[in-house]
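The values are calculated or read from the model by the stated rules, or taken from the named source; none is laboratory data. Keep in mind that what you see is a predicted model, and the values were worked out from it rather than measured. Don't worry about glycine lacking a Cβ; one is built from the backbone with ideal geometry, like all the others, and counts go over all protein chains shown.
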Amino acid sequence: MGHPVTLIPGDGIGPEVTNAMRMCVDAAGVKVNWEVHDAGEKSIQKCGKPLPEEVLESIRRNKTAIKGPITTPIGKGFRSVNVQLRQSLDLFACVRPCFYYEGTKTPIKKVNLMIFRENTEDLYAGIEFDLNSPEVNRLRALINEISPKKVKEDSAISIKPISVSASKRIVKFAFDWAVKFGRKKMTVVHKANIMKFTDGLFLQCARDVAREYEGKIEFSDCIVDNMCMQLVQKAVLYDCLVLPNLYGDIVSDLCAGLVGGLGVAPGANYGEEIALFEPVHGSAPKYAGQNKVNPTATILSAVWMLRHLKEDAAADRLDNAVRIVLKEGVSVTYDLKPDRNDPSAVGTMQMAEAICKKL
Ligand code: NAD
């Protein structure tokens, strides 16, 4: 019997990178029963809904899913399917490993960071009130009544909820992961000097949880703007970072840049029982259908999926095959060549084939 896995190819370059990933997982010798479902633009064309209930049912049943990126219209249209998936399935922990692989274009070498981003609340919760809406007018009136700080009439408002339960849950998840994978240090990232109640609460929760791991994992905290500067200058001094949702989103992209860019940055989202794996990058619509982009981020996401499925030997083999192909730098996509116009760059599927040959 194979592992049942829901596969969402996604939009733009999604179908190409997920096809490449699927070929590599199959070649690694792991039996997977792929249950393929559309979400996003393709699903809107088919049935008018960006995230049909059957997709959520499939993931709830299989408990493991992997997806390509899904396009989110900016400032209009449907709300992010990615955010909906995380919220509907309570995938509260977003994990982004940022490891240096030789052959990638990096400003510094030897970065080895694990990033844990809270996935369900903060400004990302989607609690927003539009300019001139009756709701924003009511909310503004209430705020102006109860707060000494006034909100201007021509404002839109987003709410930043941070709870004790969600904050402790992500920090505990991060510490447990750190212990399991033999990590040494945890840094909580915040802006509690300015957002004393929300980020202050996140920091306090982190300190409370950290006490349970004293002697096992070293604990520190850092303000997010300082953290960005520290990461650019001396990322190698850091080990694990845990952050609220919005900072986690931004800082993990910064860290993706430190290890070679979006083309090589994998990601995973975990709930109590369900795990959903996906590359950090988006659907890059301008490259869609060209067999051009780098499949590494999605293939490395599958490496973490294989670990989750307790297929550690296959995960190690696939990780190593990627490592060899990146180091050789021959059968790699344009973004991994020293010159992006290098005519020897190969396509998405050709890079995946080269990885399969090293398995
Ligand atoms: P993007 O990641 O799609 O692309 C930005 C640039 O990064 C591309 O133009 C390309 O130069 C490079 N890039 C991305 N993936 C690459 C790859 N695999 N290989 C080589 N180069 C790669 O970001 P964007 O343009 O801001 O977003 C496009 C769409 O994707 C938006 O609709 C956005 O909402 C969505 N998005 C989805 C997810 C997700 O599904 N998890 C994540 C981020 C963005």
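Details
- Qualifying residue in segment 323-337 (condition: touching a Pro at 6+ places or on another chain (Cβ under 9 Å), within 22 Å of Lys31 (Cα to Cα) and more than 14 Å from the ligand (Cβ to nearest atom)): no
- Residue ID - surrounded by the most Cβ atoms within 10 Å (Cβ to Cβ), chosen from residues in segment 91-131 that are part of a helix (DSSP H, G or I) and out of contact with any Pro (no Cβ under 6 Å at 6 or more places or on another chain): Tyr124
- Residues (basic (Lys, Arg) and more than 19 Å from Phe116 (Cβ to Cβ)) located in segment 258-317: Lys286, Lys292, Lys310, Arg317
- Cβ separations smaller than 6 Å between residues 6+ apart or across chains give the following pairs from segment 283-304 residues that are at positive phi to residues that are within 10 Å of the ligand (Cβ to nearest atom) and outside any loop (DSSP other than H, G, I, E, B): Asn291/Thr348.
- For segment 22-33, the condition of being crowded, with 17+ Cβ neighbours inside 10 Å, farther than 21 Å from Met351 by Cα and either touching a Gly at 6+ places or on another chain (Cβ under 8 Å) or touching a residue at least 12 places away in the same chain (Cβ under 8 Å) (or both) holds for at least one residue.
- When residues in segment 195-225 are screened for being loosely packed, with under 15 Cβ neighbours inside 10 Å and touching a strand residue (DSSP E or B) at 6+ places or on another chain (Cβ under 9 Å), 3 of them pass.
- Residue within segment 320-335 that is modelled with pLDDT under 95 and not in a loop (DSSP other than H, G, I, E, B) present: yes
- The residue of segment 338-359 that is farthest from the ligand (Cβ to nearest atom), among those that are closer than 29 Å to His3 by Cβ and among the polar types (S, T, N, Q), is Gln350.
- Residue in segment 147-162 that is in contact with a Cys (Cβ under 7 Å, 6 or more places away or on another chain) and of a type in the set (A, V, I, L, M) present: no
- Flag if Leu241 is out of contact with any strand residue (DSSP E or B) (no Cβ under 6 Å at 6 or more places or on another chain), modelled with pLDDT of 95 or more and not small (Gly, Ala, Ser): no
- Within segment 196-219, one or more residues are farther than 30 Å from Gly329 by Cα and in a strand (DSSP E or B).
- Of all the listed residues (Ile162, Ile170, Ile143), the sole one being surrounded by 12 or more Cβ atoms within 10 Å (Cβ to Cβ), at pLDDT 95 or above and touching a helix residue (DSSP H, G or I) at 6+ places or on another chain (Cβ under 7 Å) is Ile162.
- Restricting Arg317, Arg307 to residues that are without any contact (Cβ under 8 Å) to a residue 12 or more places away in the chain, away from the ligand (no atom under 15 Å from the Cβ) and in the same structural domain as Ile13 (by TED's automatic domain parsing) narrows the list to Arg307.
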